[in-house]
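What follows is one structure encoded as structure tokens, with my remarks underneath.
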Amino acid sequence: MENFKRGLYRVLAYYFSGFIIAWLASVTFDWEYMHAPGIHHLIGFLFLLGGIISILYYIGLFLFRKKEKINLGALLVHLIVIIFVLMFIIF
């Protein structure tokens, strides 16, 4: 259970740091051109893209190599974040 929590905390720290960096960018830089995404949108997208790459990595680890609890915890958080973001975009 300890490894599962460690995997959860590692991925939560990744997404939390992405949120903080995007928030700081939105506070620091103006969003002057309204027809294009701001820098905070691009930072959020890059962190989401990193999460998608990471989810593919953890699926590969979980299916083909190590069925450890740390990989399962990280995979669970990545899946939840990606599903919520996709639901927000679609609906």
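None of the figures in this text is laboratory data; all of them are computed from the coordinates on show. Just so it is clear, the structure is predicted and the values come from calculations on it, not from any experiment. Please note: Cβ atoms are built from the backbone with ideal geometry, for glycine as well, and neighbour counts cover all protein chains shown.
Here the chain is treated with +1 on each Lys and Arg Cβ and -1 on each Asp and Glu Cβ, and its dipole about the Cα centre works out to around 620 debye.
Among the listed options [x] 30; [y] 14; [z] 25, the one matching percent of Cα pairs over 24 Å apart as calculated from these coordinates is [x]. Pull out a ≥ b ≥ c, the square roots of the eigenvalues of the alpha-carbon gyration tensor of region 40-91, then state rounded if a/c is under 1.5, prolate if not and a/b is larger than b/c, and oblate in the remaining case. Prolate. Largest GNM mean-square fluctuation across LEU79, LEU63, LEU49, computed for the chain with C-alpha springs under 10 Å, falls on LEU63.
Over the chain, dividing the summed -39,500 (n - 2.57) contributions of all DSSP H runs of at least 4 residues by the number of residues returns a 222 nm mean residue ellipticity of -27500 deg cm²/dmol.
Of the residues LEU8, GLY18, GLY38, the one whose Cα sits farthest toward the positive end of the charge dipole of the chain, with +1 on the Cβ of Lys and Arg and -1 on the Cβ of Asp and Glu, is LEU8.
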